[in-house]
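The values are calculated or read from the model by the stated rules, or taken from the named source; none is laboratory data. None of these values were measured; they are calculated from a predicted model. With ideal geometry, Cβ positions are generated from the backbone for all residues, glycine too; neighbour counts draw on all protein chains shown. Surface accessibility is based on the protein's heavy atoms, side chains included, excluding ligands, DNA and RNA. Shrake-Rupley method; radii C 1.70, N 1.55, O 1.52, S 1.80 Å.
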Amino acid sequence: GLMLNATAHAAIVDDLTPAQRDAVAKGNVVFLTQDASGSAWPKAFIYVRIEATPEEVAAVFTDFESQKNYIPNLMKSKIQKEESPSTYLIDYKLHVPILPDESYTVRDVIKSYDNGASYRVDWNLVRADTTKASEGNARFESFGTATIMAYYNFVKPGSSIASLVKQQAMDQVKDTARAIAKHAEKEHVEQ
């Protein structure tokens, strides 16, 4: 089971327009960006429907050491330290096209809300080879008989040529969200 801190949050569907909610309900991935001042890359927001329960998706996502097995270009995902039952330091290594591979450590904090029916994982960069800053979160809420995942990621790259791989970086974020969804659905079917 997941050990979690309880906090309140606005519903994911409130982030979306009716057209975007319909797109997610039909199984489409909604991808939005927001410019971030001082960064070559924008903030990325992804919304996707997953055929599994919020608890199942959160359990798959927080199995940090297995992420390297299904997230594209992720070469390493290893728990460095469990700071508390809901807070972990995770070491990652990501293959980055054109640029050198990036090793980095993030702090992940796991929480539940809606009386334990929904889950949220927040992450912040602790250290990295070149990345200046990174933050994000993944939220998992009931969406009809499935789960809606809201995945937010913002990376402030440290390389002066990062703008050349902006599209690849945004594709990586989309591929990561799709891989989480696909892996959670696979795990759900196998239960």
Quick one: which residue in K93, K81, K156 is of a type in the set (K, R), open to solvent by 50 Å² or more (accessible area, probe 1.4 Å) and touching a residue at least 60 places away in the same chain (Cβ under 8 Å)? K156
Out of Y151, Y119, Y104, report the one residue that is surrounded by 18 or more Cβ atoms within 10 Å (Cβ to Cβ), closer than 15 Å to P42 by Cβ and either touching a strand residue (DSSP E or B) at 6+ places or on another chain (Cβ under 8 Å) or hydroxyl-bearing (S, T, Y) (or both). Y151
Mind checking which strands (runs of 3 or more DSSP E) fall wholly inside segment 92-191 and carry at least 3 residues that are more than 22 Å from Q20 (Cα to Cα)? 102-113, 118-128, 133-143
Checking S86 against (1) open to solvent by 30 Å² or more (accessible area, probe 1.4 Å); (2) over 16 Å from the mean Cα position of the chain (by Cα); (3) among the polar types (S, T, N, Q), which test does it fail? (1)
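Return the total of residues in segment 127-138 being aliphatic (A, V, I, L, M) and within 19 Å of P100 (Cα to Cα).
Qualifying residue count, segment 127-138: 2.
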I'd like to check something: does segment 55-73 contain any residue that is part of a strand (DSSP E or B) and surrounded by fewer than 20 Cβ atoms within 10 Å (Cβ to Cβ)? no
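E135: of a type outside the set (K, R), more than 29 Å from H188 (Cβ to Cβ) and in contact with a Phe, Trp or Tyr (Cβ under 9 Å, 6 or more places away or on another chain), yes or no?
No; evaluated as a whole, the condition is false for this residue.
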Give the residue that is surrounded by the fewest Cβ atoms within 10 Å (Cβ to Cβ), with candidates limited to residues of segment 7-54 that are within 28 Å of K132 (Cα to Cα) and either in contact with a Ser or Thr (Cβ under 6 Å, 6 or more places away or on another chain) or acidic (D, E) (or both). D35
Give segment 159-176 a look and list any residue that's touching a Phe, Trp or Tyr at 6+ places or on another chain (Cβ under 8 Å) and either open to solvent by less than 20 Å² (accessible area, probe 1.4 Å) or free of Cβ contacts under 8 Å to residues at least 12 places away in the same chain (or both), or say none. A162, A169, M170, V173, T176
Out of (1) touching a Phe, Trp or Tyr at 6+ places or on another chain (Cβ under 7 Å); (2) of a type in the set (D, E, K, R); (3) open to solvent by less than 20 Å² (accessible area, probe 1.4 Å), the one E141 does not meet is (1)
